[in-house]
Amino acid sequence: MFSKKMNKTLISAVLGTMLLVTGCGGGSGSSAPAPSDSNNAGTAAPAPSNEKKVLNIGLKADPPSMDPTISTSLYDRQVYASLYDKLFEIAPDGKIVPMLVDTYEVSADGKTYTFKLKKGVKFHDGTDFNAEAVKFNFERNLTTEKSKRKGDLKYVEAVNVVDNDTVTVQLKEPFAPFLSVLTDRAGMMVSPTAAKEKGDDFLNAPVGTGPFVFVKQVKGDSVSLKKNENYWNGEVKLDEVNYKVFTNGTAKVQNLRSGMLDIIDETPTKEIPAVEGDANLQLIAESGMGYQGLHFNNTQAPFDNKYLRAAVDRAIDREALVKVLFNNYAAPARTAFAKGSLAYNEELNKPVAPNADEIKDLLAKGGKPDGFEFKLLITTAPENEQLGAVIQNMLKQHGINAVLEKVEYGQLLEAGSKGDFQAMQLGWSGRQDPDGNFHDFVVTGNTNNYGRISVPQLDELVLKARGEQDEAKRKALYDEATKVAQDEAVYAYMYHQYVLIGMNKKVTGFTYVPDGLIRTATLDKQ
């Protein structure tokens with residue numbers, strides 16, 4: 001319930017949109033459940049047959065790279081959903097299904113994967129997709145100097161071509177999330193011919209097997225694609241897809257309402273009424289897989305003390321935060337796992353209202369009975385200042401003073417990498433497999449473990465979950481690991497963001513997939 005102690009200062013601090021900082025590969029947003037028909041087609045009259053069907057999609061930020069091997073941005077991934085096909089795909093129900101793979105087998109020991117590939121698939125440049133192409137892509141991801149996929153594929157020991165349509169992947173040890181890794185950039189197939197010819201310039205001239213072919217990118221402005229006339233996976237109905245960059249969320253919504261844009265990737269919370277109130281538009285409002293929260297530097301005072309970490313964690317009123325900032329278009333969170341995840345546990349994720357006596361006891365155990373002060377890094381975006389103000393107000397009620405320090409996003413990441421901070425606000429866009437939301441952030445020594453978390457029992461449980469093939473046993477391990485993380489208060493999970501896609505009702509054929517990416521292969525425009 002919303003606390004009556006939350007004063008007018010807090011309320012005024014949080015008016016406006018809320019799109020918060022998310023780690024590499026991520027974005028944010030929030031929403032409530034959509035009506036059952038929210039993904040259905042509109043009924044507008046079809047365009048004349050001689051008129052090109054052009055779909056314009058508004059993106060929050062400029063996609064930095066068209067090469068999945070070196071990509072770290074969510075906005076790249078939005079474009080990749082049109083350019084590249086993957087070995088495996090995420091289905092609308094969240095399950096992993098083959099895409100460029102036709103059938104597959106996993107050995108009893110979980111270390112050998114045999115992939116039978118789809119036949120007759122060609123890259124945009126006419127190169128055949130086959131076992132040699134798969135081997136090339138694995139090796140490119142593992143050996144390219146600037147590759148960001150080495151961590152994804154670090155358990156791959158060898159890739160062998162059996163015949164033209166069959167490839168085996170040998171792992172060093174069992175790795176349960178392996179197929180989920182291949183539903184993202186590590187599983188995207190690029191043309192070996194183009195990659196060899198272009199070298200480092202491939203990011204400016206990408207070639208995949210997807211439903212659309214790259215035309216050009218104007219940095220900071222747009223990416224243009226055209227129809228793949230010979231797409232292997234069904235007829236492509238649109239002639240062109242253009243991604244247009246709108247860093248201003250209100251302007252993006254205005255362009256959606258005017259018809260200049262057909263879809264927008266994120267709808268600011270304050271603009272939701274305008275979208276829902278427009279008879280020509282619909283809002284796709286679905287739960288995402290990511291989270292937002294606070295990193296504590298577990299090796300630096302005051303947060304080298306678990307009781308002081310816990311005091312801050314317990315003082316955050318998740319339900320009030322979600323109501324004030326998002327009008328409940330987000331879900332309160334106490335774990336890394338959103339609803340729909342294998343590791344989701346409703347009881348462990350249930351928000352707990354702040355208890356003044358408990359917080360007072362934690363402060364006393366931490367040696368700060370009268371409270372304490374710490375510096376909280378946030379980005380310079382107005383939305384993050386609003387979040388900072390909410391957190392600051394909540395903590396102040398318990399004698400904890402969070403001093404907000406605004407830095408640029410790049411500086412925030414640098415501070416995290418160096419461990420040069422006490423606490424900072426940074427979240428994650430989320431991955432289909434629970435390992436992608438947890439391992440790199442809580443296991444000792446990982447690059448995304450900005451908080452320098454090092455709890456041997458937590459490490460043991462998470463690493464064991466990586467190798468466990470039985471889903472029930474795996475979930476039990478994540479439950480245990482989550483309890484340890486909560487007891488140690490290693491990170492303050494605050495909420496699970498929602499995906500809020502605004503769309504003109506003239507767009508048909510849309511299906512929501514839990515990773516929140518806009519897939520254009522089946523889209524049409526009336």
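The values are calculated or read from the model by the stated rules, or taken from the named source; none is laboratory data. Here the structure is a predicted model, which means the values were calculated and not measured. Virtual Cβ from ideal backbone geometry, glycine too; neighbours counted across all protein chains shown.
Some observations on this one:
- Selected residue (criterion: nearest to ASP201 (Cα to Cα)) from residues of the range 71-117 that are touching a strand residue (DSSP E or B) at 6+ places or on another chain (Cβ under 7 Å) and of a type in the set (Lys, Arg): LYS86
- Within the option set ILE400, ILE453, ILE391, being within 27 Å of LEU363 (Cα to Cα) and under 22 Å from the mean Cα position of the chain (by Cα) holds for one residue only, ILE453.
- One residue from ASN228, ASN204, ASN233 being more than 22 Å from the chain's Cα centre (by Cα) and surrounded by 18 or more Cβ atoms within 10 Å (Cβ to Cβ): ASN228
- Members of the range 355-371 found to be in contact (Cβ under 8 Å) with a residue 60 or more places away in the chain and in contact with a Lys or Arg (Cβ under 9 Å, 6 or more places away or on another chain), listed by number: GLY366
- Criterion: buried (at least 18 other Cβ atoms within 10 Å of the Cβ) and either on the phi > 0 side of the Ramachandran plot or part of a helix (DSSP H, G or I) (or both) - qualifying residue of LEU321, LEU376: LEU321
- Which listed residue, of GLN217, GLN300, GLN292, is buried (at least 22 other Cβ atoms within 10 Å of the Cβ), of a type in the set (S, T, N, Q) and either under 25 Å from ALA492 (Cβ atoms) or touching a strand residue (DSSP E or B) at 6+ places or on another chain (Cβ under 9 Å) (or both): GLN292
- With respect to the stated conditions, GLY187 fails to be within 26 Å of the chain's Cα centre (by Cα) and surrounded by fewer than 16 Cβ atoms within 10 Å (Cβ to Cβ).
- Every residue from the range 80-107 that is farther than 30 Å from ILE57 by Cα and either of a type in the set (A, V, I, L, M, F, W, C) or in a loop (DSSP other than H, G, I, E, B) (or both): VAL106, SER107
- Wholly enclosed strands (runs of 3 or more DSSP E) of the range 108-222 bearing at least 1 residues without any contact (Cβ under 8 Å) to a residue 12 or more places away in the chain and within 30 Å of ASP239 (Cα to Cα): 212-218
- The residue pairs whose first member lies in the range 447-464 and is among the small types (Gly, Ala, Ser), whose second member is not in a loop (DSSP other than H, G, I, E, B), and whose beta carbons are closer than 7 Å, counting only pairs six or more residues apart or on different chains, are GLY451/HIS295; GLY451/PHE296; GLY451/TYR491.
- Candidates GLY430, GLY436, filtered to the one that is among the small types (Gly, Ala, Ser), under 26 Å from ARG77 (Cα atoms), in contact with a Phe, Trp or Tyr (Cβ under 8 Å, 6 or more places away or on another chain) and surrounded by 18 or more Cβ atoms within 10 Å (Cβ to Cβ): GLY430
- Of residues in the range 392-410 being under 24 Å from PHE441 (Cα atoms) and touching a residue at least 12 places away in the same chain (Cβ under 8 Å), the one surrounded by the most Cβ atoms within 10 Å (Cβ to Cβ): ALA402
- Among residues of the range 503-525 that are within 24 Å of SER73 (Cβ to Cβ) and small (Gly, Ala, Ser), those with a Cβ under 6 angstrom from a residue that is at pLDDT 95 or above and buried (at least 20 other Cβ atoms within 10 Å of the Cβ), sequence gap 6+ or separate chain, pair up as ALA521/PRO211.
- Criterion: farther than 19 Å from VAL97 by Cβ and β-branched (Val, Ile, Thr) - qualifying residue of VAL236, VAL167: VAL236
- Hits in the range 360-373 (condition: part of a helix (DSSP H, G or I) and either surrounded by fewer than 16 Cβ atoms within 10 Å (Cβ to Cβ) or among the charged types (D, E, K, R) (or both)): LYS360, ASP361, ALA364, LYS365
- Against the criterion of being out of contact with any His (no Cβ under 9 Å at 6 or more places or on another chain), in contact (Cβ under 8 Å) with a residue 60 or more places away in the chain and not aliphatic (A, V, I, L, M), ASP93 does not qualify.
- Whichever residue in the range 118-159 is aromatic (Phe, Trp, Tyr) and out of contact with any strand residue (DSSP E or B) (no Cβ under 8 Å at 6 or more places or on another chain) and, among such residues, is surrounded by the fewest Cβ atoms within 10 Å (Cβ to Cβ): PHE136
- Checking each residue in the range 51-70 for being of a type outside the set (D, E, K, R) and in contact with a strand residue (DSSP E or B) (Cβ under 7 Å, 6 or more places away or on another chain) picks out VAL54, LEU55, ASN56, ILE57, GLY58, LEU59, ALA61, PRO63, MET66, PRO68.
- Looking at PRO177, PRO211, just one residue is at pLDDT 95 or above and crowded, with 18+ Cβ neighbours inside 10 Å, and that residue is PRO211.
- The range 241-254, residues that are surrounded by fewer than 16 Cβ atoms within 10 Å (Cβ to Cβ) and either within 18 Å of VAL223 (Cα to Cα) or within 21 Å of the chain's Cα centre (by Cα) (or both): THR247, ASN248
- Selection within the range 340-360 - touching a helix residue (DSSP H, G or I) at 6+ places or on another chain (Cβ under 8 Å) and closer than 18 Å to PHE438 by Cα: SER341, LEU342, ALA343, ASN345, LEU348
- Selection from the range 247-286 of residues that are touching a strand residue (DSSP E or B) at 6+ places or on another chain (Cβ under 7 Å), part of a helix (DSSP H, G or I), in contact (Cβ under 8 Å) with a residue 40 or more places away in the chain and over 20 Å from VAL79 (Cα atoms): ILE272, VAL275
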